[in-house]
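*Asks:* Quick one: the structure is below, questions incoming.
Each value in this text was obtained by applying a stated rule to the coordinates, not by laboratory testing. Just so it is clear, the structure is predicted and the values come from calculations on it, not from any experiment. Methodologically, a virtual Cβ is constructed for each residue, glycine included, from the backbone with ideal geometry; neighbour enumeration extends over all protein chains shown.
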């Protein structure tokens, strides 16, 4: 046999053995895939990329074109500076880790762990009253804050007797309130979870203490006010003749449904500055149950015009009607007597 042919066969066999040995050799434990790019509509998957024990795999500056999909498997780690072009979807699975500085262009969807909503903490009580520098007004009613008034057009910044309450949501169950009206004693705002006042309903009271506002928290129960510390702070107030104006921030009661729906009431009553006692409230305005967080709600007074009541009492116009009917009957009897003469 030709020696050259034998040498050629031996060379080919040695080459095969060398290739097989190289294929079974484990690559270095460090693998770097920098600036990996797929075109539009391409798919790049890092699920089957493997490094040896103790190895490090860095996938920096990975970019997919429009319409591409890049997926990182469960328990995978993706290094910073991952950029997804418009129209792409980037998914981070459960237990996966994605470092900061991930940029998602407009129109993309980024799926990660669910967001847990947090509730604002209750306000820390502090009822020290500071001087209110400006007059309360109707500014922002219907757009920024819910407003209730008796009469409905009440503007406390102008002269005249009327009663006004405004509520503006800060966050969660925390609201800013403004209360204004005329009283020789106190002015109060009550929140009730139902349409009936007097079942331990939260009440905020601004009293005239020798021409200085004194603030009280209380519960209204069966027509009586029982003092109670409430979550209220940032209290400001001033008194001009009989007009009491005060503003404050409060955490409203939290029903089981965690709603902000209450019936609101404005009332007045006597206050003894010597003993600090509060008399029974006389309700000037009472609304149906409404959402305090909805500023465009129209608040109606469920009490009859020019009529005030105390909680758990009913006012009737029967006496006025009976007097009018009696007068009409007397006049009719008189006219009939004259015609018979």
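*Asks:* Just want to confirm a number: the relative contact order over the stretch 130-291, from Cα pairs under 8 angstrom separated by 6+ residues, in percent.
*Replies:* With pairs under 8 Å counted, the relative contact order is 23 percent.
*Asks:* Given the stretch 122-168, report the % of alpha carbon pairs whose separation exceeds 14 Å.
*Replies:* 58 percent
*Asks:* Moving on to the next point. Can you sort 236, 228 so the residue with the fewest Cβ neighbours within 10 Å comes first?
*Replies:* So the ranking, lowest neighbour count to highest, is 228, 236.
*Asks:* Same structure, new question: Ranking 257, 283, 251 by Cβ neighbours within 10 Å, fewest first, what do you get?
*Replies:* Least crowded to most crowded, the residues run 257, 251, 283.
*Asks:* Write down, largest first, the equivalent ellipsoid semi-axes of the stretch 130-291 in whole Å, where each equals the square root of 5 times an eigenvalue of the alpha-carbon gyration tensor.
*Replies:* Result for the stretch 130-291: semi-axes of 21, 19, 15 Å.
*Asks:* Going by C-beta contacts inside 10 Å, put 206, 147, 162 in order with the fewest on the left.
*Replies:* Exposure proxy ranking, most exposed first: 162, 147, 206.
*Asks:* For residue 300 and residue 224 in the same chain, what is the full-extension length gain: residue separation times 0.36 nm, less their Cα-Cα distance, in nm?
*Replies:* Stretched out fully, the residue 300 to residue 224 stretch lengthens by 24.9 nm.
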